[in-house]
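Please treat every number below as a calculation from the coordinates, not as lab data. Computed from a predicted model, the values in this text were never measured in an experiment. Reconstructed Cβ throughout: ideal geometry from the backbone, glycine too, with neighbour counts over all protein chains shown.
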Amino acid sequence: MYTVSVAGTTSLDGIMQWNVGDHAVYNGTVWQKIGGIANEVTSVAGRTGDIVLSAADIGGLANLATSGSFNDLLDVPTASGTVPGLVQVGANLTITNGVLAATASPYTLPTATTSTLGGVIVGPCLSVSGPGVITVAGGSVVNAVENEGTGTGLVDNNGVTGSIATIRSLAAGPGVSIVPSGDGTTLTINANGAVTSVNGNTSDVEIDADNLPNLATVGMTGSYTDLLNIPTTFNPPVATSSVLGAASRSRPISRSQEMARCCRPRQQRCRFPRLNWDIPSRRTAGAASISAAGIGSISVSA
């Protein structure tokens, strides 16, 4: 048995890797090696001796290790406001030598509305300062609104400087309509179904008998002689408790009955249609009353 004191690659029956401390033993047939270093490497990639390794000799490498291509790079993050990463050049952008730049693109400013922010044109009585502040031009500010005339005004806070003037609304009454103009600047008040003339007369009309056609003459004179169709006989209606008319006696009336309470002191004759009798003076003692006892009859109670 021999002990190696200098490392070398002398071949003994094919064994070429010798380290200090190794032992060479001849068993009578071939030489054998007894390692003198623990965990000694005996081969690399299945080879011994002077070995030259390549990427192909090493397992577990990613494709990027041999290709070096960006396309073989895995798990690259997408850029965000807080994370650096990949970006894609979109519309109106260019990239040159890694420099990202925006390309020129025309912009149209929208017209401002009550709901859209946009451009405005400074009109009369307005001015705009350098910082873009719009103000009312001097001398054009409305300080107060006043009603004119003596009628009921449409403006509240009439003539009060600095106060907000409130315009009262108009309400259409019966037979009246209020119609705004197409541009909203004028209100037209119409009298629906208004009388435009009376018997052909307009403006302030006064009606008298001469303006009424087919009016009977008696309507203007009131004279009996102008009354037409005067009857030659008179048939009064039947008297009731509520209708004045003719009635018959329900029983004889005695002269001894006193009825002077409804007549004058002297004796006189009371006349009703179809019914005449004498009423004695109040010298007769007693009292009596007359009442309607039914349709067309009179009863007397003593």
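Once amide H atoms are placed 1.01 Å from N in the peptide plane, what residues at a sequence separation of 5 or more from LEU154, or on another chain, have their amide H within under 5 Å of its amide H?
Amide H neighbours of LEU154: none.
Grab the Cα-Cα distance for ASP50 and LEU154, subtract it from 0.36 nm times how many residues apart they are, and report the gain in nm with one decimal. Can you show the working numbers first?
Details: separation 104, 0.36 × 104 = 37.44 nm, distance 11.38 nm.
Stretched fully, the ASP50-LEU154 segment lengthens by 26.1 nm.
So who's got an amide H within less than 5 Å of the one on LEU126, skipping anything under 5 residues away but keeping other chains? H placed 1.01 Å off N, in plane.
Distant-sequence amide H within range of LEU126: ALA137.
Taking the alpha-carbon centroid of each part, what is the distance from the range 100-119 to the range 1-53 in angstrom?
Using only Cα atoms, the two centres lie 83 Å from each other.
In nm, give the distance between the simple-model label positions of LEU64 and ALA79, each being 7 Å from the Cα along the Cα-to-Cβ direction.
Each label point lies 7 Å from its Cα, and together they span 1.8 nm.
Hey, rough spin-label estimate for ASN27 and ILE230, points 7 angstrom out along Cα→Cβ, what's it come to in nanometres?
18.2
Quick check: net charge around VAL155, other residues with Cβ under 15 Å of its Cβ, Lys/Arg +1 and Asp/Glu -1? Before the final figure, lay out each step's value.
On the way: positive: ARG168; negative: GLU146, GLU148, ASP156.
Local net charge: -2.
Fully extended, how many nm does the chain gain between LEU187 and ARG168 (0.36 nm per residue separation, minus their Cα-Cα distance)?
The span from LEU187 to ARG168 would gain 5.5 nm if fully extended.
What are the ³J(HN,Hα) couplings of the range 210-215, residue after residue, when phi is run through the Karplus curve with 6.51, -1.76, 1.60 and θ = phi - 60°? Round to Hz, x for glycine and proline.
Those phi angles translate into 5, 8, 10, x, 6, 7 Hz.
Determine, from the Cβ-Cβ distance of VAL179 and THR114 and an R0 of 41 Å, the FRET efficiency 1/(1 + (r/R0)^6), rounded to the nearest 0.05.
Numbers: r = 27 Å, r/R0 = 0.65.
Efficiency, from the Cβ-Cβ distance: 0.95.
Can you list the residues, at least 5 places off or on another chain, whose amide H is less than 5 Å from the amide H of VAL176, using H built in the peptide plane?
Placed amide hydrogens put ASN192 under 5 Å from VAL176.
How many nm separate the modelled label positions at ALA246 and THR9, each set 7 Å beyond the Cα in the direction of the Cβ?
17.3
The range 23-107: which chymotrypsin sites (Phe, Trp or Tyr not before Pro) are DSSP loop and have at most 16 other beta-carbon atoms within 10 angstrom?
Counting only loop positions with at most 16 other Cβ atoms within 10 Å, the chymotrypsin sites (Phe, Trp or Tyr not before Pro) in the range 23-107 are TYR107.
Which distance in Å, rounded to a whole number, links the C-alpha centroids of the range 157-197 and the range 205-243?
Using only Cα atoms, the two centres lie 49 Å from each other.
Whole-Hz Karplus ³J(HN,Hα) for the range 23-35, in order, using 6.51 cos²θ - 1.76 cosθ + 1.60 and θ = phi - 60°, x for Gly and Pro?
With the stated coefficients, the range 23-35 comes to 10, 9, 10, 9, 8, x, 10, 9, 7, 10, 10, 10, x Hz.
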